[in-house]
Amino acid sequence: MTIATLEKKLKPLEAPVDNELLRWLYLHLPPQPIKSKKMHHGYSEAIRILMRESASLDADSRTAVGQYLSAMIPFIEQFEKREFPIGPATPEEVLGFLIEQHDLSQYDLAKELGGQPVVSQILRGKRRLTREHIERLSKRFGVTAATFYPGGTSARHRARAHSRPASPLHRREYS
């Protein structure tokens, strides 16, 4: 089949892009699977610029940017899942995430965990959370105890996205 024949068959299905900005984006930064880190960087930077600058655009252009982002972001997410996998978090990493999200210091948890030095040792991986610690922390943060164990609740998955990968040694001890 020639290109001319293919164009003739596809012509009735044509959906012209009326917005000038959207047409430019599709032509110069076409939504497509990301194949390299360089390509990922370029598209990620383009998305950052579009998101930052879209507030200063007219309504039609903001709509065009939204359409473009809806088409492009899944390709970026797919690449990031493949290239930057996140391993399960340890209970101590979950605690670190919760401390950060609640804007707490080690001193704020000293009472629940037995003193600031204990909190410091836990967060540095020198000491593990006990069942009693986890029960107290669950109440404090309003989460289930399962949040602190591999395979726990969705809060646990959010913690994984902001933590370093767990060591195999930690994973085995809480399985």
### Task
Within region 98-141, track down each residue that is out of contact with any Leu (no Cβ under 8 Å at 6 or more places or on another chain), of a type in the set (Lys, Arg) and surrounded by 16 or more Cβ atoms within 10 Å (Cβ to Cβ).
127
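Taking region 1-34 as the region of interest, how many residues are touching a Pro at 6+ places or on another chain (Cβ under 9 Å) and touching a residue at least 12 places away in the same chain (Cβ under 8 Å)?
Our first condition is that a residue be touching a Pro at 6+ places or on another chain (Cβ under 9 Å); within region 1-34, this holds for 23, 25, 31.
After this cut, where a residue has to be touching a residue at least 12 places away in the same chain (Cβ under 8 Å) as well, the list is 25, 31.
Counting residues in region 1-34 that are touching a Pro at 6+ places or on another chain (Cβ under 9 Å) and touching a residue at least 12 places away in the same chain (Cβ under 8 Å) gives 2.
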### Query
Of the numbered conditions (1) of a type in the set (D, E, K, R); (2) under 21 Å from the mean Cα position of the chain (by Cα); (3) modelled with pLDDT under 90, residue 100 satisfies every one except a single condition; which is it?
(3)
### Message
Against the conditions (1) farther than 30 Å from residue 139 by Cα; (2) touching a Lys or Arg at 6+ places or on another chain (Cβ under 9 Å), where does residue 35 fall short? Just the number, please.
### Response
(2)
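Within region 82-97, identify whether any single residue is within 12 Å of the chain's Cα centre (by Cα) and either of a type outside the set (A, V, I, L, M) or surrounded by fewer than 14 Cβ atoms within 10 Å (Cβ to Cβ) (or both), and answer yes or no.
Restricting attention to region 82-97, the residues satisfying the condition of being within 12 Å of the chain's Cα centre (by Cα) are 84-86.
So of that shortlist, the ones also either of a type outside the set (A, V, I, L, M) or surrounded by fewer than 14 Cβ atoms within 10 Å (Cβ to Cβ) (or both) come out as 84-85.
Yes; the residues of region 82-97 include at least one that is within 12 Å of the chain's Cα centre (by Cα) and either of a type outside the set (A, V, I, L, M) or surrounded by fewer than 14 Cβ atoms within 10 Å (Cβ to Cβ) (or both).
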### Query
Within region 11-23, is even one residue under 30 Å from residue 136 (Cα atoms) and in contact with a Ser or Thr (Cβ under 7 Å, 6 or more places away or on another chain)?
no
### Task
Just need a number here: residues in region 30-80 that are surrounded by 11 or more Cβ atoms within 10 Å (Cβ to Cβ), over 16 Å from residue 20 (Cα atoms) and among the hydroxyl-bearing types (Ser, Thr, Tyr).
2
### Summary
For helices (runs of 4 or more DSSP H) lying entirely in region 1-67, having 2 or more residues that are more than 20 Å from the chain's Cα centre (by Cα) picks out 3-10, 20-28
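The values are calculated or read from the model by the stated rules, or taken from the named source; none is laboratory data. Just so it is clear, the model here is predicted, and its values are computed rather than measured. No Cβ is skipped: glycine too gets one built from the backbone with ideal geometry, and neighbour counts run over all protein chains shown.
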